[in-house]
1. Of Ala296, His207, Val265, which is farthest along the charge dipole of the chain in the positive direction, counting Lys and Arg as +1 and Asp and Glu as -1 at C-beta?
2. If you place +1 on the Cβ of every Lys and Arg and -1 on the Cβ of every Asp and Glu, how big does the dipole about the Cα centre of the stretch 6-87 come out, in debye to the nearest 20?
3. Working out 0.36 nm times the residue gap between Arg351 and Val157, then minus their Cα-Cα distance, what length gain in nm do you get to one decimal?
4. Pairs of Cα atoms under 8 Å, at least six residues apart: use those to get the relative contact order of the chain, whole percent.
5. How high is the relative contact order of the stretch 1-121? Use alpha-carbon pairs under 8 Å, at least six apart in sequence, and give a whole percent.
6. Equivalent ellipsoid semi-axes for the stretch 212-358, as square roots of 5 times the alpha carbon gyration tensor eigenvalues: give them largest first, rounded to whole Å.
7. Please work out how much length the chain gains when fully extended from Ala241 to Ala32, using 0.36 nm per residue of separation minus the C-alpha to C-alpha distance, in nm with one decimal.
8. Among DSSP bridges having both ends in the stretch 39-189, what percentage is antiparallel? Round to the nearest 5.
Amino acid sequence: MVNAEACFSPDYETARTRFRESATHAGAALHAIGLPTRGPRGEALCIDIAWIGSPHPRNVFLHTTGLHGVEAFTGAAVQLALLNAPPVPGSEDALVLVHVLNPYGMAWLRRTNENNVDLNRNFLVNGERFAGAPELYGVLDPLLNPTSAPAHDGFRVRAPAIAVKLGFHQVKHAIAEGQYEYEQGLFFGGRELQPGARMFSAWLQQHLSDADYVFGVDLHTGLGRRGTDTWLSSSTDTATAPATLSSALGRELVDPARPSVAYTVRGGYGAALRHLLPRAKIDFILQEIGTYPPLAILHALREENRWHFYGDGSIVHPAKLRLREVLCPAAGDWRRRAVTRGLTLACAAARWTFSRKG
Ligand SMILES: [Zn+2]
């Protein structure tokens with residue numbers, strides 16, 4: 001059994017090197033999509049992809065991490081553990097691991113990319129416009145996005161009071177749904193499709209357009225009870241009946257629209273997959289591994305964003321380290337559980353994908 005804690009890397013560059021070495025050792029072909037930005041030490045930033053199996057596959061298991069930058073520390077650890085003993089694809093199948101979709105965010109300890117864009121709000125399809133914001137977001141903007149460096153200002157008291165006044169569910173939805181108006185604000189979806197999202201979309205279309213079936217799992221951290229995971233999948237995310245998939249994988253799929261659980265977003269990556277790969281049947285699950293309570297995470301996001309825009313943005317500042325902690329806790333028990341949870345879904349999904357007939 002792999003040492004789960006040892007799979008966590010201290011920074012992007014180390015994680016990248018280890019991923020590439022492990023992938024090579026596992027016999028994978030490596031692809032790299034170079035991005036036009038740099039890390040804090042001037043290092044190159046790439047979306048690295050490990051490909052095991054047929055170069056022209058019918059069935060594909062596609063595992064992605066790090067769409068939210070700093071959340072990639074956990075996804076990268078899961079992929080290293082997976083590469084230690086990867087599921088074996090059939091002769092017409094492929095296992096595709098995408099290491100860090102937002103390397104800028106991982107390297108700079110941000111959830112967003114180089115343009116402050118939340119990439120899981122950036123995949124707008126069918127000509128949807130990069131414009132608009134929930135009405136309530138404008139009301140919350142001064143509270144969420146102060147135009148000053150990090151400081152104690154009573155956020156942890158003020159935010160719940162405002163949520164009570166305006167309605168908890170409405171506030172949660174307005175904050176997290178995605179907005180396209182406040183460029184320096186949290187959950188900004190961008191003014192256009194971002195370079196990384198565009199290049200990865202093109203890569204998918206180049207390499208997976210002929211596949212019959214693609215099972216995508218996108219790993220995130222933050223939402224849900226600490227150390228437990230939630231498998232989010234809306235009814236439009238799966239070509240397979242959710243009940244069938246759920247019984248094959250051994251766990252319930254949770255609809256993100258269920259108000260007590262999560263929230264729906266505009267411009268999500270999962271929803272874009274079936275538009276990018278129209279020939280394939282697509283099943284998609286967004287896996288969330290719980291860390292800290294939502295208010296603690298929102299507070300950490302807010303302070304890091306202030307440091308980025310109104311401090312010097314250096315990655316050793318407490319606001320950076322706090323964001324990393326709330327999305328990838330240092331505690332050994334959390335890390336062991338997170339890797340186990342990540343491996344459980346990846347292995348079950350890969351098994352299901354590679355057992356498909358016809
Ligand atoms: Zn996320």
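1. It is Ala296.
2. Magnitude of the dipole: close to 140 debye.
3. 65.1 nm
4. Taking the mean separation of contacting Cα pairs over the length of the chain, I get 22 percent.
5. 30
6. 32, 18, 14
7. 71.8 nm
8. 45
The values are calculated or read from the model by the stated rules, or taken from the named source; none is laboratory data. In this text the structure is predicted, and so the values were computed from the model without any measurement. Cβ coordinates were reconstructed from backbone atoms using ideal geometry, including for glycine residues, and neighbour counts include every protein chain displayed. For accessibility, only protein heavy atoms count, side chains too; no ligands or nucleic acids. Shrake-Rupley method; radii C 1.70, N 1.55, O 1.52, S 1.80 Å.
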